[in-house]
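K.L.:
Attaching a single structure in C-alpha cells format; questions to follow.
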C-alpha cells in the first residue's frame, strides 16, 4: 500500500471514530437533556403541590363542613398552562384535617403529591374541654347572694328564646345530655388557650381594648357598627342589628367592664372585673383573677388563671348556647397550620 493509500485509510478510520464519538456524545447529551427536563418537571410539580397547600391556607376562610373521616375535593389551582395543583381535604379528627395537594407539570405530566396537617377550632370540642362553667387556677369564691350554677345549661339564657339557640341546640344537648354541667373545677393550665389558639394567636384574631369601658351596641345607617371596639353586640336584643355580632375582644392588661352588655369571646391577659350590672354572654378567658360583682352577670363559660370571685347579687350561669354561638364565629374558626405539618401523602 502506498503512502497515499495509507493516509486515506487513516483518515477514514479517524472520521469513523469521530462520527462514533459524536453519536455517543449526542445520545448522551440527549439522555442528559431528557433527564434534566424530567427533573425540572418533577421539581415544578412539587412546587405546584406545595403552592396549592399554601394558597389553601391563605384563603382566610373556614374549611367546608365534613363528617369525621369524610373527604372533599377543593378547587384546583392553575399556575401556568402546563403546571397545576389538584387539592383535596380529609377530616381525620374533631379538629385535625389533612390537606392533600397533587402537583402536575409538563406533558406528559410529572406528578408530585404532598400532604399537610391543619387545625380548625371545633366549638363542641372546645366546650367539652372547658369541662365546667368556671375553671380556675386559684379556686372559686361565691359571696352570699351570689350565684354560680351549671343547672339548665342547655336552656336559652334570658332573654333569649329557643329560636335564638336553635342552630346549636342539638350540639348543646349532645355535650350535656343531662342538661347540667359541673359548676367549677380547678385547672392550673394556661387560661389563654383554645386548642392550638394560644395567647399570640387569639390576640391576632381579636379586637384590642384596654383600661375601663362600657360595651354598648352601636348602629350606624341601620347596620351594626362592627368596627367600634366597644361594640360587643346586643345580647338583650338578639333580633336587632347587632344581635349576631359576637366579636373576639382582647386586652393586654387588666380590664374593667363597667355596666353595658356584650357577647362573644373575651380574652384578658391580666385581671378582669365585670361590675355595675355589666352583662356578658359567651366565653371569658383571663390569665389573672376574674371578679363578677355589683349585679354583673356572665352567661356562658369562664376560665381564669387566678381565682374566680362572684359577689352578692351577681351571677355566673352556664350557657352552652351562648358559649357555642361565640365559639362558632369565623374569627376563631380560621385554619391554623400545624407546626411541622408536612406529612407523607396518602
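Every read-out reported here was derived from the displayed coordinates using simple, explicitly stated rules and does not represent laboratory data. Model, not experiment: these values are computed from the prediction. Positions of Cβ are generated from backbone atoms using ideal geometry, with glycine treated the same way; all protein chains shown enter the neighbour counts.
K.L.:
Please give the length that would be gained between residue 128 and residue 218 if that part of the chain were fully extended, namely 0.36 nm times their separation in residues minus their C-alpha to C-alpha distance (nm, one decimal).
P.N.:
29.1 nm
K.L.:
Which Rg and Dmax, in Å, describe the Cα atoms of the chain?
P.N.:
Expressed in Å, the Cα Rg and Dmax of the chain come to 31.4, 130.
K.L.:
Given points 7 Å out from each Cα along the Cα-Cβ axis, report the residue 190 to residue 143 separation in nanometres with one decimal.
P.N.:
Using points 7 Å along Cα→Cβ, the separation is 3.3 nm.
K.L.:
Can you give the extra length, in nm with one decimal, that the chain gains between residue 57 and residue 39 once fully stretched, where that is 0.36 nm per residue apart less the Cα-Cα distance?
P.N.:
My answer for the length gained is 3.7 nm.
K.L.:
Multiply the residue gap between residue 227 and residue 307 by 0.36 nm, knock off their C-alpha separation, and tell me the result in nm, one decimal place.
P.N.:
Between residue 227 and residue 307, full extension yields 25.6 nm more.
K.L.:
Starting from the Cα gyration tensor of region 123-327, take the square roots of the eigenvalues, sort them a ≥ b ≥ c, and report rounded, prolate or oblate (rounded when a/c is under 1.5, otherwise prolate if a/b is larger than b/c, else oblate).
P.N.:
Taking the square roots of the gyration eigenvalues as a ≥ b ≥ c, region 123-327 is rounded.
K.L.:
Order these peptides, 186-195, 117-126, by their mean beta-carbon neighbour count within 10 angstrom, highest first.
P.N.:
117-126, 186-195
K.L.:
According to the square roots a ≥ b ≥ c of the eigenvalues of the Cα gyration tensor, what is the shape class of region 109-205, taking rounded for a/c under 1.5, prolate for a/b larger than b/c otherwise, and oblate for the remainder?
P.N.:
oblate
K.L.:
Can you give the FRET efficiency to the nearest 0.05 for residue 174 and residue 204, using r as the Cβ-Cβ distance and R₀ = 25 Å?
P.N.:
The pair residue 174/residue 204 has a calculated efficiency of 0.20.
K.L.:
Moving on. Taking Cα centroids, how far is region 189-228 from region 277-346 in Å?
P.N.:
11
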